[in-house]
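Below is one structure, written out as structure tokens, with a few remarks after it.
The values are calculated or read from the model by the stated rules, or taken from the named source; none is laboratory data. On a predicted model such as this, the values are computed, not experimentally measured, just so you know. Quick reminder, even Gly has a Cβ in these numbers, built from the backbone with ideal geometry, and neighbours come from all protein chains shown.
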């Protein structure tokens with residue numbers, strides 16, 4: 001494997017880095033300040049001006065939809081996109097500026113790969129243009145959704161419509177008033193003997209009658225406005241049969257196609273946060289004196305700094321390997337590497353961010369620095385797109401399969 005980036009990628013790295021330096025870091029505190037101002041005025045669920053303004057700047061700079069796969073109209077491979085996604089991930093709200101944020105990238109990829117021409121015209125085009133946002137409705141409060149065959153949400157055919165009934169939660173992005181589309185997974189054939197053909201995915205307009213966003217779920221006390229992680233009730237929601245994706249019983253097939261890229265994008269972004277946490281930790285240690293000498297000279301911090309660098313390099317290299325395999329042999333053949341990095345990257349980042357918090361003392365757990373939010377977001381990532389335990393189980397099964405017939 002050759003991980004030397006092409007001149008095109010190095011140019012994009014420089015351009016994305018410059019954009020972050022000139023536009024994002026100087027406005028980092030403006031984002032939460034606007035949300036709090038909106039909250040004081042009675043509604044935190046309003047898109048921030050800073051994001052809307054900088055989206056225009058990113059579009060003008062030609063830094064738009066960099067996530068788009070080369071085999072579906074994009075310019076970059078997964079391997080080429082990885083270092084750019086890492087730079088964007090250094091600030092939690094920055095990926096949206098480039099139209100490269102979750103869950104929209106995963107949903108756009110679903111529409112690219114599995115959507116009909118009419119579905120793409122109605123939903124994909126405005127998503128690609130950044131004119132709307134979307135949510136992915138899979139997890140349910142009543143069942144262990146880490147086993148997606150447990151999903152109970154009903155999708156029942158009734159003439160020219162499907163009728164959807166169920167309750168979803170952790171529907172990230174459903175709190176945003178710009179969210180106009182839900183991609184929902186439910187059961188069309190609950191009695192099918194093959195449990196992996198019971199499910200389907202369907203496009204549900206967010207404003208369809210019977211859709212009620214009931215509440216925002218907090219993550220370690222953060223409501224993540226205006227994005228949100230919502231609990232959504234669907235009561236006899238009628239959608240046209242033309243909103244079915246790919247066909248009845250194809251939900252698992254679509255989910256696997258969506259989750260591969262989604263998982264590795266999360267890992268790319270969290271490596272950027274881990275890198276930034278290490279930078280913040282190093283600067284803090286160099287700037288503080290305790291017990292008569294700089295904290296950076298305390299031997300325990302030498303251990304932690306070294307371990308942090310090792311963890312980041314491990315995670316980055318495995319991410320690049322997984323991306324390389326996705327590009328060359330496909331997502332299915334790369335499933336072990338995708339599962340491994342989905343475990344490794346958040347766990348590594350969690351340790352590094354925790355040490356960075358410790359280095360900052362009381363300030364580390366406050367909103368003076370970005371570390372507390374980084375910790376909360378990263379900790380939730382160990383559950384998103386499948387918990388660690390599910391990925392470890394898959395890795396173990398693949399490992400055992402290598403030796404079954406020897």
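Here are some notes:
- From the list 272, 257, 262, 249, the one residue that fits, being closer than 30 Å to residue 324 by Cα and modelled with pLDDT of 90 or more, is 272.
- Looking across the range 13-45, the residues that are part of a helix (DSSP H, G or I), farther than 14 Å from residue 223 by Cα and without any contact (Cβ under 8 Å) to a residue 12 or more places away in the chain come down to 14, 18, 21, 22, 26, 33, 37, 40.
- The set of residues from the range 281-294 being assigned to a helix (DSSP H, G or I) and over 11 Å from residue 305 (Cα atoms) comprises 283, 284, 286, 287.
- Enumeration of residues in the range 169-212 that are under 23 Å from residue 96 (Cα atoms) and more than 21 Å from the chain's Cα centre (by Cα): 205, 207
- In the set 334, 345, 349, only one residue is in contact (Cβ under 8 Å) with a residue 60 or more places away in the chain, over 18 Å from residue 86 (Cα atoms) and surrounded by 21 or more Cβ atoms within 10 Å (Cβ to Cβ); that residue is 334.
- Applying the condition of being closer than 20 Å to residue 320 by Cα and out of contact with any helix residue (DSSP H, G or I) (no Cβ under 7 Å at 6 or more places or on another chain) to the range 74-109 and asking which residue is surrounded by the fewest Cβ atoms within 10 Å (Cβ to Cβ) yields 75.
- Of the strands (runs of 3 or more DSSP E) entirely within the range 103-206, those holding at least 1 residues that are farther than 29 Å from residue 49 by Cβ occupy 154-158, 161-172, 179-187, 199-205.
- In the condition set (1) surrounded by fewer than 19 Cβ atoms within 10 Å (Cβ to Cβ); (2) free of Cβ contacts under 8 Å to residues at least 24 places away in the same chain; (3) farther than 16 Å from residue 78 by Cβ, residue 328 is compliant with all but (3).
- Filter pass, residue 321 being surrounded by fewer than 20 Cβ atoms within 10 Å (Cβ to Cβ) and within 20 Å of residue 67 (Cβ to Cβ): yes
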